[in-house]
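The values are calculated or read from the model by the stated rules, or taken from the named source; none is laboratory data. Since we're looking at a predicted model, the values are computed, not measured. Methodologically, a virtual Cβ is constructed for each residue, glycine included, from the backbone with ideal geometry; neighbour enumeration extends over all protein chains shown.
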Amino acid sequence: MSRQNGVWPNTNQPGRCVNAAGRADEVAVLNELSDAIGAPVRQEVPLAEHTTIRIGGPARYLCVARTTEQLGRAMKAASDLGLGLQVLGGGSNVLFSDSGFDGLVLVVGPGRVELDGVRMWAEAGAPYADLVRLAARKGLAGLSFAAGIPGTVGGALWGNAGAYGKAIGDLLVGAVVVGADGRRRQVTRDELRLGYRTSALAETGEVVESVTLELEPGEPQAIWAEVEGNLRRRRERLPGPELPSAGSFFKNLPPPAPGESRVPAGKLLDECGCKGLRVGDAMVYERHANVIVNVGRATAAQVLQLAREMRRRVRERFGVALEPEVRILPAWQA
Ligand SMILES: Cc1cc2nc3c(=O)[nH]c(=O)nc-3n(C[C@H](O)[C@H](O)[C@H](O)COP(=O)(O)OP(=O)(O)OC[C@H]3O[C@@H](n4cnc5c(N)ncnc54)[C@H](O)[C@@H]3O)c2cc1C
């Protein structure tokens, strides 16, 4: 993404772009940002280092917000300085362009997880896996579906991450979010309008600070068995960290009739012969036709060219348009 006519895009605060033409030099902005946030800010950081697909050009500025205070201060500082802002958790569901991001990338994490009876509270930067493990250890049921989903709980809430017909929203009691002005507010599950891989956060641009989930008492042994079973199923179908990817590239299609399940995009892509298709070092995973893997030095341009071809095949054969599940930055013109 590049600055156009002096306008910095702010993908976490849609519709709010600030003219930063004539801004003081880079070093001054860097110092101002670091001081305001109270954490080191780095310049020109390759986003490939912060995404599981290992792709992405440089972030103009990048800061890791380790505390909720730093998170709020960073939001406000970016807004005050007229900088575009992009929040990142584990980077497991994003594809940045090869030209990177011309603004501040705010990486949220790590984070604490606490239990109070059947209620689990977690800071946004906590890995989803920590919640799954703690629940299993304490004999609390409800989270086993999430075993093996990479990333943070903040990222999970943004896209209502889930598997096997269940998602984080099913367990959600509420969350604390931070707005562009750095102000925090408590939101309910209803306000978050959670749907299949969506939430209102995509529209509001607010950032998750913490979430509260409600689990159910269960049998530790049965929960561990479920967790391990789900991890095994994943290992059979999905690439591990040694083969960089961003998970499923396209969303599954809506159920054909009420009460039926969604139609897996992977099934349609498989029927179109997509497994093994390749553009440069971007390749459709041999074991899952809806996953694009980076087998070497793939670029975002190669991934998108491959994704276009996959989408074209499905549209021609089945007459349906697949929608990306991966967050493509800047937004994709399919
Ligand atoms: C091998 C593999 C398997 C996967 N399997 C699944 C699966 O089964 N089900 C599933 O749903 N997903 C799956 N994913 C995708 C991904 O792991 C999830 O979507 C995950 O929840 C994203 O979390 P993250 O922290 O990595 O988010 P990121 O990729 O860092 O960000 C994703 C989006 O969330 C936003 N975001 C991140 N943190 C915050 C925050 N604190 N506040 C507000 N917005 C935030 C970002 O701005 C971005 O728009 C898989 C990915 C991989 C690589």
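Just to be sure before I move on: is A321 of a type in the set (G, A, S), surrounded by fewer than 22 Cβ atoms within 10 Å (Cβ to Cβ) and not assigned by TED's automatic domain parsing to the domain that holds A59 in the structure I sent? If you could, list the steps in order and put the result at the bottom.
On the way: of a type in the set (G, A, S): yes; surrounded by fewer than 22 Cβ atoms within 10 Å (Cβ to Cβ): yes; not assigned by TED's automatic domain parsing to the domain that holds A59: yes.
Here the answer is yes, as A321 does meet what is asked.
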Query raised in the report: Would you call R232 farther than 17 Å from N93 by Cα and within 12 Å of the ligand (Cβ to nearest atom)?
Result: no
Query raised in the report: Does the stretch 100-117 include one or more residues that are within 11 Å of the ligand (Cβ to nearest atom), surrounded by fewer than 22 Cβ atoms within 10 Å (Cβ to Cβ) and more than 16 Å from the chain's Cα centre (by Cα)?
Result: no
Requested in this report: Please state which one of V291, V284, V314 is within 17 Å of the chain's Cα centre (by Cα) and either surrounded by 14 or more Cβ atoms within 10 Å (Cβ to Cβ) or within 14 Å of the ligand (Cβ to nearest atom) (or both).
Outcome: V291
Query raised in the report: Could you count how many residues in the stretch 267-305 are in contact with a Phe, Trp or Tyr (Cβ under 9 Å, 6 or more places away or on another chain) and not polar (S, T, N, Q)?
Result: 13
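Please go through the stretch 205-225 and pick out each residue that is within 22 Å of V173 (Cβ to Cβ) and more than 11 Å from the ligand (Cβ to nearest atom).
Filtering the stretch 205-225 down to residues within 22 Å of V173 (Cβ to Cβ) leaves 206-218, 223.
Hits for the stretch 205-225 are T212, L213, E214, L215, E216, P217, G218, I223.
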Report summary line: Among (1) touching a residue at least 24 places away in the same chain (Cβ under 8 Å); (2) out of contact with any Gly (no Cβ under 8 Å at 6 or more places or on another chain); (3) not in a strand (DSSP E or B), A78 falls short only on (2)
Report summary line: Residue hits (the stretch 162-179; near the ligand (Cβ under 10 Å from one of its atoms) and buried (at least 21 other Cβ atoms within 10 Å of the Cβ)) are A167, I168, A175, V177, V178
**Report entry** Options N5, N12: the member that is modelled with pLDDT under 90 and within 16 Å of the ligand (Cβ to nearest atom)
**Finding:** N12
Report summary line: Contact list, first residue from the stretch 216-241 and under 12 Å from I149 (Cα atoms), second anywhere and at pLDDT 95 or above and more than 10 Å from the ligand (Cβ to nearest atom), beta-carbon distance below 7 Å, six or more apart or interchain, is V227/V132; V227/A136; V227/S144; N230/S144
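So that you can scan it fast, the table gives a plain yes or no per residue for (1) more than 7 Å from the ligand (Cβ to nearest atom); (2) at pLDDT 95 or above; (3) surrounded by 23 or more Cβ atoms within 10 Å (Cβ to Cβ); (4) more than 14 Å from the chain's Cα centre (by Cα):
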site: L134; (1), (2), (3), (4): yes, yes, no, yes
site: L140; (1), (2), (3), (4): yes, yes, yes, yes
site: S144; (1), (2), (3), (4): yes, yes, yes, yes
site: P150; (1), (2), (3), (4): no, yes, no, no
site: N160; (1), (2), (3), (4): yes, yes, no, no
Query raised in the report: Can you name the residue in the stretch 242-276 that is charged (D, E, K, R) and not in a loop (DSSP other than H, G, I, E, B) and, of all such residues, is nearest to the ligand (Cβ to nearest atom)?
Result: K267
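Within the stretch 71-87, how many residues are near the ligand (Cβ under 8 Å from one of its atoms) and either in contact with a Phe, Trp or Tyr (Cβ under 9 Å, 6 or more places away or on another chain) or β-branched (V, I, T) (or both)?
2
Would you mind stating whether G247 is more than 18 Å from the chain's Cα centre (by Cα), over 30 Å from E69 (Cα atoms) and not assigned by TED's automatic domain parsing to the domain that holds L171?
Numbers: more than 18 Å from the chain's Cα centre (by Cα): no; over 30 Å from E69 (Cα atoms): yes; not assigned by TED's automatic domain parsing to the domain that holds L171: yes.
No: the conditions fail for G247.
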